[in-house]
1. For segment 138-155, give me each residue that is hydrophobic (A, V, I, L, M, F, W, C) and over 17 Å from Lys168 (Cα atoms).
2. So which of Asn242, Asn230 ends up being surrounded by fewer than 17 Cβ atoms within 10 Å (Cβ to Cβ) and closer than 22 Å to Thr314 by Cβ?
3. Considering segment 298-312 alone, what residues qualify as being within 17 Å of Ile237 (Cβ to Cβ) and either at pLDDT 75 or above or crowded, with 17+ Cβ neighbours inside 10 Å (or both)?
4. Exactly one condition in (1) crowded, with 16+ Cβ neighbours inside 10 Å; (2) farther than 23 Å from Glu214 by Cα; (3) at pLDDT 85 or above is false for Ala260; which is it?
5. Kindly list, by first and then second residue, each pair from a residue in segment 264-275 that is more than 7 Å from Thr325 (Cβ to Cβ) and assigned by TED's automatic domain parsing to the domain that holds Lys195 to a residue that is surrounded by fewer than 20 Cβ atoms within 10 Å (Cβ to Cβ) and of a type in the set (Asp, Glu), limited to pairs with Cβ atoms under 7 Å and residues at least 6 apart or on different chains.
6. State yes or no: is Gly224 at pLDDT below 90 and assigned by TED's automatic domain parsing to the domain that holds Phe263?
Amino acid sequence: MTEINLSCIPIIIGAAIMLFSIVRFRKIFAVMDLVPAANRRNVSLFLKTHIILMVFFLAGYMAVGYAFCSGLHIISEPLVGLIFLFGAVFVLLGVFIQDVLIGQVRKHVSAVNQVEKMVALGQLASGVAHELNNPLTVILGFAQAIKKETAGNKPLEESAAKIEREAKRSMELVRDLLVFSRREKIETEEIDLNKAIDSALALIQPRLKMKNIELAKSFGDLPGFNANRNKIQQLVINLCNNAVDASANGDKLMISTKYAGGFLELRISDTGPGIPEEIKKHIFEPFYTTKEEGKGTGLGLSLCYEIVKKHNGTIEVYSELNKGTVFTIKFPGKNPPPAAS
């Protein structure tokens, strides 16, 4: 009798763990609003299905456990062991599902924080840009006039040229800041993403050659979609320039596109050193940069993030140290691509 009671202890513990998991799973539904909207329905269905299966399994588990502990030989011992094994699998599966849900919640919270930062920057940009543009336009105009009047006087001409160059650079920075402003309206047209990417890549070819970086392209058949061509090209150039900056001589830059699940997917990857986890958390934050002072504004990737969002898209980054980095951008497609003949 003592031996039977001792054998029942693991069964009772297993039943208690499963019951605890079911109760905990019900509480998880309270945070479902924090799961990204695109995944919420599937995650909710997954959780409900798992709970229903666990309730039925727990009932069967307890019935078999009761029969086993009572010495009722209505089922073979190997089958009892198999049932208990499935119980352990259900518990482990429950832990896995909870990890998935927690990951989805963290991802959503991170996205919300990013949006709040962008809104704050947008409010700042819309107020400051106008005040900066006016004096910069005057400075640029006078610099160009001085440059023209001092033609032949090399020292003065060079000084005027420097003023002109820096004024233009400042105006470009102001234009970049305006991207964050919700008041800036982006004019869109139906574009061919592959052609827009090719045009952007032509502008970074010299940098690729200087560092002996191999460029590999793989373009799929894509439907047209409404976008601002210049902004999409700016997105590609910024991401590629970042990859080139991080890569060493002889590394590889890969650009690919495809159409799947109603989305146009653009993937830009490199074989560089990768991004440490601590830095990866901040790469889309405005003015965050790991470059030396004077070599970057810290706006490149945050501009990419904002451009993608203004096109109703998503951008994700995956990086592995000493292996490389992959940026995946998805835009909603307008129509499916034409069938191959």
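The values are calculated or read from the model by the stated rules, or taken from the named source; none is laboratory data. Everything numeric here is computed off the predicted structure, so don't read it as measured data. Neighbour counts are summed over all protein chains in view; Cβ atoms, including those assigned to glycine, are modelled from backbone coordinates with ideal geometry.
1. Matches in segment 138-155: Ala151 only.
2. Details: Asn242 fails: surrounded by fewer than 17 Cβ atoms within 10 Å (Cβ to Cβ).
So the residue among Asn242, Asn230 that is surrounded by fewer than 17 Cβ atoms within 10 Å (Cβ to Cβ) and closer than 22 Å to Thr314 by Cβ is Asn230.
3. Kept after step one, since they are within 17 Å of Ile237 (Cβ to Cβ), are these residues of segment 298-312: 298-308, 310-311.
Within segment 298-312, Leu299, Gly300, Leu301, Ser302, Leu303, Cys304, Tyr305, Glu306, Ile307, Val308, Lys310, His311 qualify.
4. Only one criterion is unmet by Ala260, namely (1).
5. Thr271/Asp251
6. So Gly224 passes the test.
Residue-by-condition table, conditions (1) under 30 Å from Gly313 (Cβ atoms); (2) in the same structural domain as Thr314 (by TED's automatic domain parsing); (3) more than 36 Å from the chain's Cα centre (by Cα); (4) at pLDDT 65 or above:
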site: Phe20; (1), (2), (3), (4): no, no, no, yes
site: Arg24; (1), (2), (3), (4): no, no, no, yes
site: Lys27; (1), (2), (3), (4): no, no, no, no
site: Val31; (1), (2), (3), (4): yes, no, no, no
site: Leu34; (1), (2), (3), (4): yes, no, no, no
site: Ala59; (1), (2), (3), (4): no, no, yes, yes
site: Ala67; (1), (2), (3), (4): no, no, yes, yes
site: Glu77; (1), (2), (3), (4): no, no, yes, no
site: Ile83; (1), (2), (3), (4): no, no, yes, yes
